[in-house]
1. How far apart, in nanometres, would the label points at L364 and K190 be if each is projected 7 angstrom from Cα along the Cα-to-Cβ direction?
2. Using modelled backbone amide H atoms (1.01 Å from N, in-plane), which distant-in-sequence or interchain residues come within less than 5 Å of L186's amide H?
3. Distance between Cα centroids, region 87-130 to region 243-321: provide it in whole Å.
4. With mean projected area of the Cα convex hull in nm² as the read-out, I listed (1) 26.3; (2) 28.0; (3) 24.8; which label goes with the value calculated from this structure?
5. How would you order 323-335, 150-162 from highest to lowest mean count of nearby Cβ atoms within 10 Å?
6. When a/c is below 1.5 the answer is rounded, else prolate if a/b is larger than b/c, else oblate, so apply that to region 77-120 with a ≥ b ≥ c taken from the square roots of the Cα gyration tensor eigenvalues.
7. What percent do you get for the relative contact order of region 96-197 when only Cα pairs under 8 Å and 6+ apart count?
8. Give me the one-decimal nm value for the distance between modelled label points at F136 and S96, 7 Å along each residue's Cα-to-Cβ direction.
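Derivation of every value follows stated rules applied to the coordinates shown; laboratory data play no part. Keep in mind that what you see is a predicted model, and the values were worked out from it rather than measured. Glycine gets a Cβ as well: all are built from the backbone with ideal geometry, and neighbour counts include every protein chain shown.
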Amino acid sequence: MEKGLTYADVLLVPKKTPLESRKQAQINTLFTKNIVLNIPFISSNMATVTEHEMAISMARHGGIGVIHQFSTIEDRCNEVRKVKRSTAYVIDEPLSVPSTITIKELKEKLVDTGISSALVIDQELVGIITHKDYQFAKDDLTVEQVMTKKPNLIVCNEIPSINNAKDIMYKHRIEKLPIISGTIKLITAKDVRQHEEWKYANRDNKGRLRVAAALGVKTAITDAKELIDAGADVLVMDVAHAHSDTIIEKVKQLKSLYTIDLMVGNIATVQAARDLIEAGADGLKVGIGPSPVCTTRIMSGAGIPQFTAVQDVCKIAKEYGVPVTADGGMSSPGDAVKAIAAGASSVYSGSFFAGTDEAPGRILVKNGKRYKKYMGSASYDNNHARKENLTKTKIKKTLDIFVEGVAVLVDYKGPVRSVLKKLVKGLQSGISYGGGHNIKELQQNAEFIQITAAGWHESESRGSKLSE
């Protein structure tokens, strides 16, 4: 039998570094064939990890978040739209309302979209309504009665540069600049500020933040169209065991219908990688049972230790030029370095990002310490919550389901930027110790040494984890 190794079984052998400082290490990479990341970290599609707040923060820092599939397609599309509308230099399809609706109806529409203002359009632009216009207005008034009307608006007939837009907004003391050129577009002061503040953000060609969305198997074809129309940049076919005839056929169908990049997982073997790549996968997700909230290996007796799985899949994926993301099995920044040095282009994680401010769910206090709930996708808790979300009803009876996951409390970690900062610094240090300038050179130079339990204890006693 072959020997299977985990991240705790190996260390990178230090090499002579060409860098004066670890800050010089370049960490941009690929998520799929056509989706670039400025940092190689992805928040996973778990109900207690990634909704729009997490996806926005991940993209602002250069990574990407994957909206989970454990709610209705309408809810998932709304999450995608919130990310795409959160920041963009030019908003191609700004929210618009007719002048005849009431302030109450306007507020309901704004709450649904997470936006605080709207253009007022009656076949053509007739005005704009912002928070200052309606915040104290009575609910039965119409938008027309309180909006800023077109004669009082400053508009442009073509898209200005960022600097010109700033000059116009400063001169006229405005925060919204409509563009009337064919279709009506919009530039906002908030988006201009964010464009400059988040210099390394992961953006599409329109300046909007990138976002991924997960697909289940049964409704993958119809859901894919809805999510693409909502603005998703990449789709993730997320299945516990993706090496199956059903998934291979589903990948072929999706790639024949849509041009969007498709990440497929989870897998752990060379043959699985080859079959899915030849079916059309633009990226592969590796990991069968390595997560702290996954019990697949215990319940089914199947799986491959994660370090070995990543190495095996990356060897074949490299031949096809398909990026691989390592999903799970990591408890420290050093584990992420090992995964990337072993060949992965990026790291996909729930445990790193669970417990942060941006993760869904309330902060819980137990014995004076703060926690957040972290549910495995195949846990009973997650299945129960999904059933309630899909049916929009409370379910009191116990569901008769087979589970391969658990729900746990994880330490509250604060903002996700703090977690990402540690991960980035750890990776840059790893590249320096690995004798490279960037991820590609780290992988080319990587030499691993297998260690004993005593060697791991020696390492662990001097290390630090993200929650500390």
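1. So the two model labels end up 3.2 nm from each other.
2. Answer set, sorted by chain and number: I91, I179.
3. Region 87-130 and region 243-321 have Cα centres spaced 42 Å from each other.
4. Checking each listed value against the structure points to (1).
5. Going from most to least packed, we get 323-335, 150-162.
6. Oblate, since a/c reaches 1.5 and b/c is not below a/b.
7. Values: 130 pairs, mean separation 21.2, N = 102.
Once divided by the residue count of region 96-197, the mean separation gives 21 percent.
8. Here the answer is 3.1 nm between the modelled labels.
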